[in-house]
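Below is one structure, written out as structure tokens; comments come after it.
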Amino acid sequence: MRRYLPFVIIGAVLLVTAGGGFLLFHAKTSRTSIKVATGKPGAEPAHLRGGENARVTLEEFGDFQCPPCGIFATTLLKVERDYGTRIRVIFRENPLAMHAHAFTAACAAEAAGLQGHFWEMHDLLFEHALNWSKEDPRLPARVMPSPGPNASPDEAAAGVRTIFAGYASRLGLDVERFKKDMDGEQVIARIKSDQARGASIGVDRTPVLFIDGVLIPFSSFNVEALHTLIDAALAGKAPEPPPPPPSPTPAPPQ
Amino acid sequence: MTTTPSASTPAQPKLHTLAAVLSLVGLADSIYLTIAHLTGDDVTCVASSGCSEVLSSAYATVGNIPLGAFGALGYFTAFSLAILAAFGYPAARTLLRVVVGGMFATTLWLLYVQAFILHAFCDYCLLSASLTLSLSVIVVTSYLLGRKHRTAT
């Protein structure tokens, strides 16, 4: 019996370890619920990076051609690196009609997403936004809803589409499929769903950020403020945006 | 591996039992860190302040696998070998030295990363480092005792 005892001990420890690990994992994931603003659901599955089961959710509504979104993308990337899998970041499409190529860019990101490379295209689009945004600005915008009968969407955004196809090629995507998907129903439906979600929770500009369903003011779109808000959320407190700065008081008369 | 238990010095089984207990503590530590990583749970440091920096750094994973998972594998292997060594399996003693040697080298590298690259320390990583260093002392002591015993006989 003594001959087998060490193997029995090892087997028992293995079982206890596996069982305990499973229970701990289950306990932690079951109490993790995704806290987002209530409203229409948006495109499913959402584009998500960070910790799939993270306790804190950042949901951004963005437009690839909006300059503040580009700046915020850099800020958010830094925050994502700082927190790793402890936060979950969701990106929702909200291309604004005022930006000529925003909708085409959203289509490009979603088409890349169909090949599993949404975030790579998302990063590329923001990184090079200054380049493609200038592309043939005389072309009419392709905005929601669909362009009128006299405007061909393909012609309208031809310049940027070529650039986006180049990005797709750089990412190693099937470029022909990418081009086809950009005009596909699935891509359009995803963008519409995200926009419908945005509209249902009062998103009327970009970038807009929610942390655990709480709308974060634009004044907090910096690394330090986001750290404070995320730390509070990780500690189990609802993120409390800082109060707006006091209105300037007139200088006392000299 | 030799499956026949062999004679050892009286102190060696006790040392190996101690090594098994320490390995179990290391196993629990590693599993906790692995699950915290997989679930995105916040790991709070008590003694140090760099848990976030260390555990979310690029050094916290190899590929997509959290380092804690490798730690768990290492500690479980060390535990199994220590138990076998405590029951007098001589080959287990040799393998234990090899495994603990590898863990020791990894620990030195991770301490270097924390001290000189990340400039941040994490309690759980320091606990693991101290356990591995203790395991190293134990296996070296056991080896020296065994060698002295063999020379005497």
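A few comments on the model shown:
- Taking the fewest neighbouring Cβ atoms within 10 Å as the starting point, the ordered list for A:ARG3, A:ARG55, A:ARG205 is A:ARG3, A:ARG205, A:ARG55.
- The ranking of A:ASP63, A:ASP212 from fewest to most other beta carbons within 10 Å of each one's beta carbon is A:ASP212, A:ASP63.
- Length gained on full extension, B:TYR59 to B:ALA11, computed as 0.36 nm times the residue gap minus the Cα-Cα distance: 13.4 nm.
- Exposure proxy ranking for A:ARG197, A:ARG2, based on other Cβ atoms within 10 angstrom of each Cβ and starting from the fewest, stands as A:ARG2, A:ARG197.
- Per-selection Rg to Rh, chain B - Cα, Kirkwood hydrodynamic radius: 1.05
- When Rg and Dmax are taken over the Cα atoms of the range A:33-234, they come to 16.4, 52 Å.
- Estimated FRET transfer efficiency (A:THR162, A:LYS192; beta-carbon r; R0 25 Å; 0.05): 0.50
Every read-out reported here was derived from the displayed coordinates using simple, explicitly stated rules and does not represent laboratory data. Predicted model only: the values in this text are computed from it and were never measured. When we count neighbours, we look across all protein chains shown, and the Cβ atoms used for this are built from the backbone with ideal geometry, even at glycine.
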